[in-house]
Amino acid sequence: MATRVLIPTPLRTYTEKKESVVLEGSTVGELLQRLTATYAPLKKHLYDETGSLRNFVNVYVNDEDIRYLQKEQTLVSEKDTVSIIPSIAGGRS
């Protein structure tokens, strides 16, 4: 089943400037693996050297953070939208 994955502006450089892509997969992990297989330079921005999703990368299914669901094993359907949201740090103290 195909699910839409939203690509954040800073990472669109690696997805041919696409705002979203539609991928086949039944879990968030499968979608992200297909995404990084299709757009290989994106992988180093989402995963660390051990193959784990980077701490500063937040992934949501609809409005639910996958860290509070089943993480990368979270099931998805064609009605869902997966959003990749990198954490933003900075500001003044």
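Can you find even one residue in the stretch 6-18 that is of a type outside the set (A, V, I, L, M, F, W, C) and within 16 Å of Ser77 (Cα to Cα)?
The answer is no; no qualifying residue exists.
Could you grab me the full set of residues in the stretch 31-46 that are free of Cβ contacts under 8 Å to residues at least 12 places away in the same chain and farther than 17 Å from Thr13 by Cβ?
Gln33, Arg34, Ala37
Can you name the strands (runs of 3 or more DSSP E) wholly within the stretch 1-70 that have at least 1 residues being touching a Pro at 6+ places or on another chain (Cβ under 7 Å), surrounded by 13 or more Cβ atoms within 10 Å (Cβ to Cβ) and of a type in the set (A, V, I, L, M, F, W, C)? Lay out the reasoning, then the answer.
On the way: elements: 2-6, 20-24, 57-61.
Qualifying strands (runs of 3 or more DSSP E): 57-61.
For the list (1) more than 19 Å from Thr81 (Cα to Cα); (2) modelled with pLDDT of 95 or more, I need the number of the one condition that Asn55 fails.
(2)
The values are calculated or read from the model by the stated rules, or taken from the named source; none is laboratory data. Worth saying up front: this structure is predicted, and the values here are computed from it rather than measured. A quick note on method: Cβ atoms are made from the backbone with ideal geometry, for glycine too, and the neighbour counts reach across all protein chains shown.
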